[in-house]
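Notes follow the structure.
The values are calculated or read from the model by the stated rules, or taken from the named source; none is laboratory data. In this text, all values refer to a predicted model and were calculated from it rather than measured experimentally. Cβ atoms come from the backbone with ideal geometry, glycine included; neighbour counts cover every protein chain shown. We work out accessible area using only protein heavy atoms, side chains counted, and drop any ligands, DNA or RNA first. Shrake-Rupley method; radii C 1.70, N 1.55, O 1.52, S 1.80 Å.
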Amino acid sequence: MDELKRIEEKEKEILFKLGWIFKNSLDDFSTSVDRSLRYLDKIVLPIIMASKEDKSYNPFSEIIEKYVLHILIRKFERDGYSLLPLGYSADLTLENDQHILSIDIKTANIDNPSDFKETGVIGINQLTHIAKVGIDRKRWPSKFLPAPYFVYPSIPPFYELENGTKKLILTYEMMFIYPSYKDLIDEIRADYISLFEFFNRKIRNVLIPIISNIYGVNEEQSKRLLEKKPKRSPFRKDELITESLIRGVFIHEQEKENILTSLKISEEEYKVINEFSNQLEEVIDKLRERDIKPIAIIAMSIPNGLLKEKYLDKFVSGKNYAKSARYHYEDGIFEVIKERTKKEFPRVIFIDLNMDYLDDLKNYFDRIVMLDYQLRML
């Protein structure tokens, strides 16, 4: 029991270190994100193109992740840690003489609470704790296979080195919840699909005879060649070419006239392109007004696998069955510490929070513990 308490004490120590490192870097983080958002107009079209299947692509997750990694690497290295890139590991792995840190960075839209509501969604490369697995969660949601039929992650609770030293692996998740912008993409999705169909017709009309001439096939064979899907692609060749030329027209200004001339775009048809350009500008303006920045930043300590007797019931397999897990943290406290000392410390802390969204977040979190000079329950 003393060993389990020692593990939790170390997990707690690093959780608060992680929290303070990032809390003291919030200005730096916000300034960095602003720097990327100055180029928002450059990435809106790819967002819309990737969202045509009614699934919004989220470039903000990439922006957030890159800046978070930059900040954490820099700050932890100043504190004596070394970067430890490993395959089959979390977004960031660091080590010092005593232990290894495994930190995963996730983003979630506030309209998708299943990604964060009282749970940590974790891949098998991002935790050391085993999880229960069932056969049919819909029919038997509370029934699981017996031991030893568990989800076993890619990382163990500790690495044993050649000299016999055992390095504990401590795993953490940082969650960045951002406001929804799906409604803005929905406004222009139908217009993009119409634009896509317009370009697709023009491209097919021009390319079919070109293919016939180059490859010495008839027009029906040319049509079939265009409609064939490349290996490993869910889309036809003409669809992929259409997307490529749309990017050429709206992103590569220097190539625009060559493309439109080749497609034999008439003066009347230019209106279609200009109208969509205007719609793009409107979406960009609305996105800037929406200010897509994190409304909550959360750090979570995920129990080490050596604590399984205490936490096993809170770990179950995730959406990817035996390749992911969900940590249902419930009260979100260090349970061994509470049991041994009667003191309660949170495993889940809010590093930052936009108070305008507090009521929304309270719908999803029973406890909101804010990291401050004193822990505050909101």
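Below, the figures for the structure above:
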quantity: Residue match in the stretch 110-129 (condition: modelled with pLDDT of 95 or more, outside any loop (DSSP other than H, G, I, E, B) and of a type in the set (D, E)); calculated: no
quantity: Unmet criterion (only one of (1) more than 22 Å from S194 (Cα to Cα); (2) in contact (Cβ under 8 Å) with a residue 12 or more places away in the chain) for L280; calculated: (1)
quantity: Filter pass, Y172 being of a type in the set (F, W, Y), in a strand (DSSP E or B) and within 22 Å of Y364 (Cα to Cα); calculated: yes
quantity: Exclusive hit being free of Cβ contacts under 8 Å to residues at least 24 places away in the same chain and out of contact with any Pro (no Cβ under 8 Å at 6 or more places or on another chain), set L312, L226, L307, L245; calculated: L226
quantity: Test result for S51, open to solvent by less than 40 Å² (accessible area, probe 1.4 Å) and either more than 21 Å from the chain's Cα centre (by Cα) or modelled with pLDDT under 90 (or both); calculated: yes
quantity: Verdict on I208 being without any contact (Cβ under 8 Å) to a residue 24 or more places away in the chain, hydrophobic (A, V, I, L, M, F, W, C), assigned to a helix (DSSP H, G or I) and open to solvent by less than 30 Å² (accessible area, probe 1.4 Å); calculated: yes
quantity: Yes/no for L83 being open to solvent by 40 Å² or more (accessible area, probe 1.4 Å), at negative phi and either in contact with a Pro (Cβ under 7 Å, 6 or more places away or on another chain) or in contact (Cβ under 8 Å) with a residue 40 or more places away in the chain (or both); calculated: no
quantity: Total residues in the stretch 150-178, condition over 20 Å from Q98 (Cβ atoms) and either open to solvent by less than 70 Å² (accessible area, probe 1.4 Å) or modelled with pLDDT under 95 (or both); calculated: 10
quantity: Only listed residue being hydrophobic (A, V, I, L, M, F, W, C), surrounded by 13 or more Cβ atoms within 10 Å (Cβ to Cβ), touching a residue at least 12 places away in the same chain (Cβ under 8 Å) and within 30 Å of P148 (Cβ to Cβ), chosen from V369, V348; calculated: V348
quantity: Index of the failed condition, K202 passing every other in (1) without any contact (Cβ under 8 Å) to a residue 40 or more places away in the chain; (2) over 18 Å from S51 (Cα atoms); (3) surrounded by 11 or more Cβ atoms within 10 Å (Cβ to Cβ); calculated: (1)
quantity: Criterion violated by E289 - all others in (1) surrounded by 12 or more Cβ atoms within 10 Å (Cβ to Cβ); (2) under 30 Å from D356 (Cα atoms) satisfied; calculated: (1)
quantity: Flag for K23 being of a type outside the set (A, V, I, L, M), surrounded by 13 or more Cβ atoms within 10 Å (Cβ to Cβ) and either touching a Cys at 6+ places or on another chain (Cβ under 6 Å) or closer than 30 Å to E160 by Cβ (or both); calculated: no
